[in-house]
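In what follows, a structure is listed as structure tokens, so that the remarks can point back to it.
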């Protein structure tokens, strides 16, 4: 029977923290700007464009403001933030570095350069930035959390767990911190700690799909299939059109030899995407186990037509094979 590993141990399910509170930022800028009135106007136009998500226009205004006041660290900082939102992490790093050269006392400069380095996959450099940020503010949970992410990315798993734990000690109300640490625990094989973290995330955010999905995966790998089904079902209630959740629940149901309800899950997946060859193939397996050969063969043929060519071998071996007469079978 075809098996699916819905658990993914890459970075797609991970979080890392960004800081983009534009309304507060504008308030602080208007309240605290020390530039001349003309320079204020250029800068504020840049910030207005930034708030309107017109990032290229914002950068143009920041360019003009920098020409007027090249020693203002904040101008490079805000231009870097706009560049980051255009996925230009390399140029953003350059601007954050200019801001840091002009003012090494701003923790946000180091945090944001660290985040830009993460985006550019410069993980060791990002760790250096967060190290310096910690010196400036050792009570900021985001610093430890983001450094944990960077350390995990270079496979420093003990260091990452230490940082995630430090972040949680400073802020135990952030479900993302528990999810990231839980995923890492899962990856290194500490299933019980992973379940504990996902459970904590659910207590904080009862509607978090990732927490239910990943806790369900942990139960699945422990062989606690009924518990896994409960978690997958809770996730489906929150996000009923997520086919990955139905795949996971169907696999758990197959593990309990509940082929009928597994077939129902695959049927729903097909209703979401009628060209999902894998769903047809797996439903065919369920039908075969339920002695519904006609339905099974229809599904195997459909899977083959949709590009899952291994299904044709099943058609040949299972569907085209002649059934033995009942009398002959009784003699065996």
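Before moving on, here are some points about what is shown:
- When residues of the stretch 174-193 are limited to those that are under 18 Å from residue 234 (Cβ atoms) and buried (at least 24 other Cβ atoms within 10 Å of the Cβ), the one nearest to the chain's Cα centre (by Cα): 179
- Here residue 146 clears all of (1) part of a helix (DSSP H, G or I); (2) in contact with a helix residue (DSSP H, G or I) (Cβ under 7 Å, 6 or more places away or on another chain); (3) surrounded by fewer than 23 Cβ atoms within 10 Å (Cβ to Cβ) except the condition numbered (3).
- So residue 260, is it in contact with a helix residue (DSSP H, G or I) (Cβ under 9 Å, 6 or more places away or on another chain), surrounded by fewer than 17 Cβ atoms within 10 Å (Cβ to Cβ), farther than 30 Å from residue 175 by Cβ and without any contact (Cβ under 8 Å) to a residue 60 or more places away in the chain: yes
- Hey, residue 205 modelled with pLDDT of 95 or more and within 28 Å of residue 138 (Cα to Cα) or not: yes
- For the stretch 268-320, a residue qualifies if it is assigned to a loop (DSSP other than H, G, I, E, B) and over 33 Å from the mean Cα position of the chain (by Cα), and the qualifying residues are 290, 291, 292, 320.
- Index of the failed condition, residue 128 passing every other in (1) touching a helix residue (DSSP H, G or I) at 6+ places or on another chain (Cβ under 7 Å); (2) in a helix (DSSP H, G or I): (1)
- Only listed residue being buried (at least 17 other Cβ atoms within 10 Å of the Cβ), within 29 Å of residue 150 (Cα to Cα) and modelled with pLDDT of 60 or more, chosen from 42, 100: 100
The values are calculated or read from the model by the stated rules, or taken from the named source; none is laboratory data. Since we're looking at a predicted model, the values are computed, not measured. In this analysis, Cβ positions are derived from the backbone assuming ideal geometry, glycine residues included, and neighbour counts consider all displayed protein chains.
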